[in-house]
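Reviewing the structure listed below.
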Amino acid sequence: MDEAQGFYGPVQRIVIELKILRQSLQTTISEGLLQTADYAARCNAAEAHLVIFNRDPQISWDNKIWQRDEMHGERAMGVWGS
């Protein structure tokens with residue numbers, strides 16, 4: 001596959017999926033990884049990231065902000081809490 005060219009060189013394809021935490025964190029991560037991996041595969045992205053927003057005012061920012069790496073099948077993805 002030929003690499004797409006942008007103004008400054010090759011186009012970098014990165015998927016960033018945004019989710020609001022409405023259910024449990026594990027359910028949101030599981031469902032989000034599935035969706036993010038699908039998007040990344042469809043657009044042949046080099047990287048994929050899932051960002052989960054916790055809007056609960058009872059949770060401190062120290063507990064809302066985190067990062068970890070997850071695998072979905074063969075794809076590694078960054079998962080971020082905010």
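Would you mind checking which residues have amide H under 5 Å from residue 17's amide H? H placed 1.01 Å from N; only 5 or more apart, or other chain.
49, 50, 51
Would you mind checking the tilt of helix 25-42 against the longest principal axis of the Cα atoms of the chain, expressed as 0 to 90 degrees and rounded to 10?
On a 0 to 90 degree scale, this one is about 10.
Say a site is exposed when it is one of the trypsin sites (Lys or Arg not before Pro), sits in a DSSP loop, and has at most 14 other Cβ atoms within 10 Å; what is then the longest site-free stretch of the chain?
Answer - 23-54.
Please compute the length gained on full extension between residue 82 and residue 55, using 0.36 nm multiplied by the number of residues separating them and subtracting their Cα-Cα distance. Don't skip to the answer; put the middle values down first.
Values: separation 27, 0.36 × 27 = 9.72 nm, distance 0.85 nm.
Residue separation times 0.36 nm, minus the Cα-Cα distance, leaves 8.9 nm.
Looking at (i) 17, 43, 22, 10, 6, 2; (ii) 16, 48, 25, 9, 1, 0; (iii) 17, 44, 25, 12, 2, which value of P(r) over Cα pairs in 10 Å bins from 0, in percent comes from a calculation on the structure shown?
Read-out from the structure maps to (iii).
At 222 nm, what helix-only mean residue ellipticity would the chain give, in deg cm²/dmol to the nearest 500, using -39500 (n - 2.57) for each DSSP H run of four or more? Spell out each step's value before the answer.
On the way: 2 runs with 22 residues, N = 82.
Taking each H run of at least 4 residues, the total per residue is -8000 deg cm²/dmol.
How much FRET efficiency would the formula 1/(1 + (r/R0)^6) give for residue 46 and residue 68, where r is the Cβ-Cβ distance and R0 is 22 Å, rounded to 0.05? Each step should come with its number before you reach the end.
Values: r = 20 Å, r/R0 = 0.89.
Efficiency at R0 = 22 Å is approximately 0.65.
All of the numbers you see were taken from the coordinates with simple rules; none came from a lab. Quantities reported herein were computed from a predicted structural model and do not represent experimental measurements. Reconstructed Cβ throughout: ideal geometry from the backbone, glycine too, with neighbour counts over all protein chains shown.
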